[in-house]
Amino acid sequence: MEQGFYRTSGLSIAGLADHLGAPEHRLRALINQRLGHRNFSAFLNRHRIAEAREILADRERVSLPVLTIAMDLGYNSLPTFNRAFREETAMTPTDYRREAIGAETGQN
């Protein structure tokens, strides 16, 4: 995941297990039991949303549309990205960007 494999659109637990050369049931157990995620989707979203937060808070990428960010991170639709982002941060990506960029400039 550190190399950004989570950005793969349509990534499934079977696809990740195949990429890693590991049995799917072991990967599922690792994600759920050892890493504490409720499911593969939550695990994947954690990585994707962490990167989205970095991008959205970057002044040099403020003109990058939220849709582009979502697609670049492997989401297939904007509503899916928005839902996952809201679950993780309790705000929309646009509100997060506004708050992060405003905080940097002393605005809010």
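The values are calculated or read from the model by the stated rules, or taken from the named source; none is laboratory data. Bear in mind the structure is a predicted one, so any value in this text is a computation, not a measurement. Glycine gets a Cβ as well: all are built from the backbone with ideal geometry, and neighbour counts include every protein chain shown.
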Selection from region 78-108 of residues modelled with pLDDT of 95 or more, small (Gly, Ala, Ser) and not in a helix (DSSP H, G or I) yields Ala90
Can you tell me which of Gly21, Gly74 is surrounded by 13 or more Cβ atoms within 10 Å (Cβ to Cβ) and within 17 Å of Gln3 (Cβ to Cβ)? Gly74
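Just a yes or no: is a residue in region 48-57 within 15 Å of Ser12 (Cα to Cα), free of Cβ contacts under 8 Å to residues at least 60 places away in the same chain and touching a His at 6+ places or on another chain (Cβ under 8 Å)? It would help to see each step written out before you state the result.
Applying the first criterion (within 15 Å of Ser12 (Cα to Cα)) to region 48-57 yields 48.
Now narrow it down to the ones that are free of Cβ contacts under 8 Å to residues at least 60 places away in the same chain: 48.
Now drop any that are not touching a His at 6+ places or on another chain (Cβ under 8 Å), which leaves none.
For region 48-57, residues within 15 Å of Ser12 (Cα to Cα), free of Cβ contacts under 8 Å to residues at least 60 places away in the same chain and touching a His at 6+ places or on another chain (Cβ under 8 Å): absent.
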Can you tell me how many residues within region 55-77 are of a type in the set (Ser, Thr, Tyr), modelled with pLDDT of 95 or more and over 27 Å from Arg38 (Cα atoms)? 1
Of the listed residues (Gly102, Gly10, Gly21), the one being more than 18 Å from the chain's Cα centre (by Cα) and on the phi > 0 side of the Ramachandran plot is Gly21
Gly36 is checked against (1) closer than 15 Å to Tyr75 by Cα; (2) among the small types (Gly, Ala, Ser); (3) loosely packed, with under 12 Cβ neighbours inside 10 Å and fails just one. What number does that condition carry? (1)
Take Ile55 and decide whether it is of a type outside the set (Gly, Ala, Ser), surrounded by 14 or more Cβ atoms within 10 Å (Cβ to Cβ) and over 17 Å from the mean Cα position of the chain (by Cα). no
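When only residues in region 1-45 that are assigned to a loop (DSSP other than H, G, I, E, B) and of a type in the set (S, T, N, Q) count, which is farthest from Met71 (Cα to Cα)?
Quick first cut of region 1-45, residues assigned to a loop (DSSP other than H, G, I, E, B) only: 1-4, 8-12, 21-23, 35-39.
Applying the additional criterion that residues be of a type in the set (S, T, N, Q) yields 3, 8-9, 12, 39.
Working: Gln3: 17, Thr8: 10, Ser9: 8, Ser12: 16, Asn39: 22 Å.
Checked region 1-45; the qualifying residue farthest from Met71 (Cα to Cα) is Asn39.
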